[in-house]
Amino acid sequence: MIINKELLKENAAILGTELSDEMLDKFDKLADLLIETNKSMNLTAIKEPDEIVVKHFADSISLFSAIIPENGAKILDLGTGAGFPGIPLLIARPDLNLTMIDSTEKKLKYVAKTVEALGLDAQVFHTRAEEAGKNPIYREKYDIVCSRAVAALNVLSEYCLPFVKVGGTFVAMKSAKADEEIAQAKQAIRLLGGEITEKKTFFLSDGGERTLIIIKKISHTSSKYPRPSAQISKKPL
Ligand code: SAH
């Protein structure tokens, strides 16, 4: 056993998620695969098991403290990197219809192998948000889109909101200084058909501050968005 399962169970419970023994075993296996693969590939700077438990696993499933997806909900993790928050969400809720996308192929290969090794099922696509967001197969098809540590909220909203169904939810998982990001992104969110409905700030057990920004999709996103990458970075909304 690599991780302290009690630590994970407690941290998850505080955030409102009960983890079964089977789920805890999967988290243990996930930590093992992450640590092993990280020796030959740059997946994460977080290397200690206790830190992985708090900063990756508990932080990822904190999403469920803001939103409880319906059974089988379609959920997209945009810019999943080494699979966060996507893989922990799927371990805790294997009924979810999860898609993980990222623009870095080698990380996604690790993610795909890991999902399989854990006996789970998810779709994994190598693409950029700006491209997939224009594709009718993905556009406005998700009940929930979530994203952690990918971009500032104004840019992130242009990446994420095009994927959300009208009536669905975008959850931006942020650390400190979320208020500044919100102030800078209000106009972008409105332009893209979203509305901030809630902001939940809490602390992980290591004292780290986190904020979940909950954005409802209230109208269709104009076909103008997402714009090409160069425009998004040169002239963020
Ligand atoms: N969500 C993970 C990874 C964060 S690192 C975590 O919290 O641990 C940011 C990731 O976003 C990187 O893997 C990068 O490849 C991806 N990314 C950045 N811009 C992107 C874009 N426009 N489309 C898709 N993926 C993107």
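Taking into account only those residues within region 125-144 that are more than 12 Å from the ligand (Cβ to nearest atom) and of a type in the set (V, I, T), which is farthest from A188 (Cα to Cα)? Here the answer is I137. A search for C-beta distances below 6 Å between a residue of region 133-152 that is in contact (Cβ under 8 Å) with a residue 60 or more places away in the chain and any residue that is open to solvent by 50 Å² or more (accessible area, probe 1.4 Å), counting only pairs 6+ apart in sequence or on different chains, returns E140/K165; Y142/K74; D143/K74.
Counting only strands (runs of 3 or more DSSP E) that sit wholly inside region 24-138, those with at least 3 residues that are out of contact with any Lys or Arg (no Cβ under 7 Å at 6 or more places or on another chain), at pLDDT 95 or above and open to solvent by less than 30 Å² (accessible area, probe 1.4 Å) are 74-78, 97-102. Tell me yes or no: at least one residue of region 63-71 is within 12 Å of the ligand (Cβ to nearest atom), within 19 Å of M173 (Cα to Cα) and touching a Pro at 6+ places or on another chain (Cβ under 8 Å). Looking through region 63-71, at least one residue is within 12 Å of the ligand (Cβ to nearest atom), within 19 Å of M173 (Cα to Cα) and touching a Pro at 6+ places or on another chain (Cβ under 8 Å).
Tell me, yes or no, whether region 228-236 has at least one residue that is closer than 16 Å to V150 by Cβ, small (G, A, S) and loosely packed, with under 13 Cβ neighbours inside 10 Å. Within region 228-236 (the criterion being closer than 16 Å to V150 by Cβ, small (G, A, S) and loosely packed, with under 13 Cβ neighbours inside 10 Å), the answer is yes, since at least one residue qualifies. Residues in region 153-209 that are hydroxyl-bearing (S, T, Y) and outside any strand (DSSP E or B): S157, Y159, S175, S205. Just one of (1) under 24 Å from I35 (Cβ atoms); (2) within 12 Å of the ligand (Cβ to nearest atom) fails for I91. It is (2).
Among the residues of this structure, V164 does not count as one that is open to solvent by less than 40 Å² (accessible area, probe 1.4 Å), near the ligand (Cβ under 9 Å from one of its atoms) and touching a residue at least 40 places away in the same chain (Cβ under 8 Å).
The values are calculated or read from the model by the stated rules, or taken from the named source; none is laboratory data. This one's a predicted model, so the numbers in the text were calculated from it and none came from an experiment. All Cβ positions, glycine included, derive from the backbone under ideal geometry; neighbour counts span all protein chains shown. Each accessible area value is taken on the protein alone, full model and side chains, heavy atoms only, with ligands, DNA and RNA left out. Shrake-Rupley method; radii C 1.70, N 1.55, O 1.52, S 1.80 Å.
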